[in-house]
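The numbers here are math on the coordinates, done by the rules we state, and not lab data. Remember, it's a predicted structure, so these values are computed and weren't measured experimentally. Backbone-built Cβ (ideal geometry, glycine too); neighbour counts: all protein chains shown.
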Amino acid sequence: MFKKPVIVFEGIEGSGKTLHINYLSSYLKKNKIKFIKLREPGGSINSEKIRKLILNDKSNFNKFTDLLMYLAARNENMENLIKKNYQKKIILIDRFTDSTLAYQHYGMGMNYKLISLINNHITKKIKINLTFLNLVNSKNMRKRLSKRKKLNRYDKFKMKFYNKVQNGYIKIANSNKKKYKIINSNKDIKFNKNQVINAVNKILK
Ligand code: TMP
């Protein structure tokens, strides 16, 4: 259906999105299918610089400043990486526009219309074909975060915040069910890995 789709992985901390994007990358490599993989914030050189600023646990930016930086980081990725590779290679993105709605709007209460307007402006030249929304319960999330050697500034919010963010993600996914595949990250990893590969193979056909 889509030869060179844009595939996004979303979810809160500890939801397994990075594990799945890495597994899918290895699968594509093994099958000699061309792709690029990037994360947000981060990805391109300038966007990685912005990532360091936002996520450093000594930073104390105002939440609106954070929002502007997440969007700025996205714009750098669009201009320097995504546009160039769009429809030439599969593009895998670890977090994208939905992260900003989920964290900055549903989590922090910032204006939905404003975020959508800028998100849409930055990404108007491309279409996302499939988004994996990885869901995790509070117990597993805590367990997984406790295993991390280093926590960044956004790994340290109260559980109530992550619940709001995850519920926001679910609202977003429910508004466009066709483009979202929910992965229940509390289930068996092997089962979930297969779910991801099968869903990708289905859109590549
Ligand atoms: P991660 O790379 O470990 O997922 O960390 C990135 C953090 O940044 C994560 O807590 C989610 C947050 N974030 C936002 O709040 N808004 C955004 O638009 C993006 C891309 C990430």
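Would you list the membrane-span-like helices of the chain, meaning whole DSSP H runs whose alpha-carbon atoms span at least 15 Å along their axis and whose mean Kyte-Doolittle value is at least 0.0? Present the calculation step by step, with values, prior to reporting the outcome.
Details: long enough: 17-30 (20 Å, -0.53); 45-55 (16 Å, 0.09); 63-77 (21 Å, -0.31); 112-123 (16 Å, 0.35); 159-174 (22 Å, -0.56); 189-204 (23 Å, 0.07).
Span-like helices, by this rule, are 45-55, 112-123, 189-204.
Between Ile126 and Asn201, what is the label-point separation in nm under the 7 Å Cα-to-beta-carbon projection?
With each label point 7 Å from Cα toward Cβ, the separation is 2.6 nm.
If you average over every viewing direction, what projected area does the convex hull of the Cα atoms of the chain give, in nm²? Before the final figure, lay out each step's value.
Numbers: hull surface 44.1 nm².
With the hull built on Cα positions only, its mean projection is 11.0 nm².
So how strong a dipole does the chain carry about its Cα centre when Lys and Arg Cβ are +1 and Asp and Glu Cβ are -1, to the nearest 20 debye? Before the final figure, lay out the partial values.
Numbers: 47 positive and 12 negative charges, 144 e Å.
About 680 debye.
Roughly how many whole Å is it from the C-alpha centroid of segment 149-187 to that of segment 12-29?
Result: 15 Å between the Cα centres.
Calculate, for Lys52 and Met1, the FRET efficiency according to 1/(1 + (r/R0)^6) with r their C-beta to C-beta distance and R0 25 Å; round to the nearest 0.05.
Values: r = 38 Å, r/R0 = 1.52.
The value I calculate is 0.10.
For segment 3-87, run through the trypsin sites (Lys or Arg not before Pro) and keep only the ones in DSSP coil with at most 16 other Cβ atoms within 10 Å of their Cβ. Spell out each step's value before the answer.
On the way: sites: Lys3, Lys17, Lys29, Lys30, Lys32, Lys34, Lys37, Arg39, Lys49, Arg51, Lys52, Lys58, Lys63, Arg74, Lys83, Lys84; in loops: Lys3, Lys32, Lys34, Lys58.
Those that pass, being in a loop and sparsely packed, are Lys3, Lys32, Lys34, Lys58.
At 7 Å along Cα-to-Cβ for each site, give me the label-to-label distance between Asn137 and Ile45 in nm.
With each label point 7 Å from Cα toward Cβ, the separation is 4.7 nm.
Extension gain Lys190-Lys29, at 0.36 nm per residue separation less the Cα-Cα distance, in nm?
Numbers: separation 161, 0.36 × 161 = 57.96 nm, distance 1.88 nm.
Result for the pair: 56.1 nm of gain on full extension.
Counting other beta carbons within 10 Å of each Cβ, put Lys113, Lys149 in order, fewest first.
Details: Lys113 8, Lys149 4.
Ascending number of Cβ neighbours within 10 Å: Lys149, Lys113.
Taking the chain as a Gaussian network, where each spring joins two C-alpha atoms under 10 Å apart, which residue of Lys88, Lys178, Lys190 fluctuates the most?
Of Lys88, Lys178, Lys190, the Gaussian network model singles out Lys190 as fluctuating most.
Relative contact order for the chain: what percent, with Cα pairs under 8 Å and sequence separation of 6 or more? Please report the intermediate quantities before stating the final value.
On the way: 293 pairs, mean separation 72.3, N = 205.
The value is 35 percent.
Given the pairs Lys49/Lys160; Lys164/Lys187; Lys113/Lys143, which span a C-alpha to C-alpha distance of over 32 angstrom in this model? Walk me through the numbers before you get to the answer.
Numbers: Lys49/Lys160 29 Å; Lys164/Lys187 22 Å; Lys113/Lys143 35 Å.
Those over the limit are Lys113/Lys143.
How far, in nm, would the chain grow between Asn60 and Tyr112 when pulled straight, counting 0.36 nm per residue and subtracting the alpha carbon separation? Kindly include the intermediate steps, with their values, before the conclusion.
Values: separation 52, 0.36 × 52 = 18.72 nm, distance 2.29 nm.
Using 0.36 nm per residue and subtracting the Cα-Cα distance, I get 16.4 nm.
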